[in-house]
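Input: a single structure, listed below in structure tokens.
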Ligand SMILES: C[S@@+](CC[C@H](N)C(=O)[O-])C[C@H]1O[C@@H](n2cnc3c(N)ncnc32)[C@H](O)[C@@H]1O
């Protein structure tokens with residue numbers, strides 16, 4: 001996914017609320033190259049339902065700036081988080097905790113191509129919800145919707161089942177990867 | 001006309017893959033190589049519409065090409081950046097596919113027999129199911145392919161869009177909506193539509209199902 005495809009994926013951005021991190025001007029130019037005049041609102045103003053909250057979180061950023069702004073997100077409010085870690089090393093615990101704590105559903109997590117020069121490797125689209133929003137497929141690039149049909153019990157049973165089995169079968173792989181990485185490391189001197 | 005037995009059908013595919021040119025052997029025998037090339041590209045474009053136009057080399061889509069033959073679709077989808085497993089019953093076809101390389105992993109397996117610790121974002125099955133002549137094996141195959149589709153993933157299977165099933169010659173049984181829709185609903189998949197190949201006189205198209 002390209003960085004400029006993200007605002008549409010997040011359901012549009014009539015105005016943006018910068019919630020912290022990164023170089024705001026540079027990232028907004030990359031996100032909205034055709035609409036540099038998109039109105040910006042302060043995080044402490046009342047949140048417009050058509051606004052998109054955006055933040056950058058990366059290795060050199062204090063983790064809590066954006067999460068304070070997140071608590072001001074009303075139900076239905078959407079957030080685009082740009083992440084400054086390569087997908088394979090993504091410390092997603094840093095973003096999952098604040099998102100869940102603020103009542104947000106992670107709707108989509110996508111790799112971002114060719115945005116390394118902005119320090120962006122992947123992105124998450126989330127929204128504050130009062131009931132579950134429709135589930136999405138990986139790399140689905142149609143705009144997110146919050147008011148579609150709530151996932152039913154079969155989908156939730158499938159979700160928990162897939163999670164449980166995937167959690168089991170990924171363990172030997174994670175172990176194998178650790179072994180391979182240990183094998184790659186030069187033997188310590190002495 | 002009596003349908004081929006399992007053994008005869010397996011021999012038929014090995015021989016056809018051995019004797020026929022790259023695209024004719026898995027494509028349409030009535031067309032020459034050039035026309036088959038158009039036919040393949042037309043179907044690839046349809047698959048692109050249904051699988052989507054996004055790809056990521058870092059975190060790819062995982063696809064199963066079930067009944068991959070010599071692997072043309074597997075290779076093209078791998079060239080888009082997707083991670084593809086191709087399975088087929090014909091060793092001759094797989095030898096050819098492996099020689100071509102190009103990214104996919106190829107395995108000898110029937111559709112009903114493929115086992116995997118991973119689920120797929122999309123399972124595609126292009127012009128294979130109507131060559132499975134035995135109804136019970138056809139149902140086992142469809143059920144197994146459906147079970148490999150992850151939540152939000154897609155199953156794309158080629159067949160005709162009539163209500164009923166009908167045998168053609170001794171090596172094709174086309175199956176229709178009355179066979180696919182209830183079976184795949186029972187497997188937890190939602191029918192999204194049928195997309196005709198729209199190629200010359202072909203009556204075949206792709207049934208698209210999503211796991212929701
Ligand atoms: C018409 S070709 C299509 C090949 C490929 N999908 C393509 O479009 O190029 C049909 C293929 O299905 C394979 N096949 C038939 N029955 C099968 C089964 N039960 N399990 C796996 N492969 C099967 C044959 O070996 C043959 O390669």
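A short reminder: the numbers here are calculations on the coordinates, not readings from a lab. Just so it is clear, the structure is predicted and the values come from calculations on it, not from any experiment. Neighbour counts run over all protein chains shown; Cβ positions are idealised from the backbone, glycine included.
Listed values, structure above:
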read-out	value
The range A:37-74 and the range A:81-99: distance between their alpha carbon centers, rounded to Å	16 Å
P(r) tail fraction, the range A:65-190 - alpha-carbon pairs more than 22 Å apart, %	51 percent
Cβ-based exposure ranking for A:60, B:121, in which fewest neighbours within 10 Å come first	A:60, B:121
Computed helical MRE - 222 nm, the protein assembly as shown, DSSP H runs ≥ 4 contributing -39500 (n - 2.57), nearest 500	-10500 deg cm²/dmol
Measure of compaction for the protein assembly as shown (Cα Rg per 2.2 N^0.38 Å)	1.13
Fraction of beta bridges assigned by DSSP in the protein assembly as shown that are antiparallel (%, nearest 5)	50 percent
Residue exposure sequence - B:38, B:29 - by fewest surrounding Cβ within 10 Å	B:29, B:38
Unit Cα scatterers, Debye sum, the range B:1-60: log10 I(q)/I(0) for q = 0.29 Å⁻¹	-1.07
Isotropically averaged projected area of chain B, using the convex hull of Cα atoms (one quarter of hull area), nm²	10.9 nm²
Relative intensity, log₁₀ I(q)/I(0), of the range B:40-82 from a Debye sum that treats every alpha carbon as a point, q = 0.22, 0.33, 0.35 Å⁻¹	-0.74, -1.36, -1.40
Shape parameters for the range A:102-149, alpha-carbon atoms, Rg then Dmax in Å	12.4, 39
Length-normalised contact order of the range A:3-148 in % [C-alpha pairs under 8 Å, at least 6 apart]	25 percent
Residue with peak Gaussian network fluctuation, chain A [Cα springs, cutoff 10 Å], from A:115, A:178, A:127	A:178
Normalised per residue, the volume of the convex hull around the Cα set of the range A:1-78 (Å³)	92 Å³
Surface/4 estimate of mean projected area, convex hull on alpha-carbon atoms of the range B:1-115, nm²	8.1 nm²
GNM top mover of A:95, A:124, A:170 - chain A, alpha-carbon springs below 10 Å	A:170
Taking B:141, A:15 and counting other C-beta atoms within 10 Å, the order from fewest to most	A:15, B:141
Equivalent ellipsoid, the range A:123-190 (semi-axes from 5 times Cα gyration tensor eigenvalues, Å)	39, 17, 10
D_trans [Stokes-Einstein, Kirkwood Rh over alpha-carbon pairs] for the range A:3-148, 25 °C, 0.890 mPa s, µm² s⁻¹	164 µm²/s
Alpha carbon centroid spacing (whole Å) that separates the range B:19-68 from the range B:157-205	18 Å
Listed residues A:77, A:152, A:20, most fluctuating in chain A (Gaussian network, C-alpha, under 10 Å)	A:152
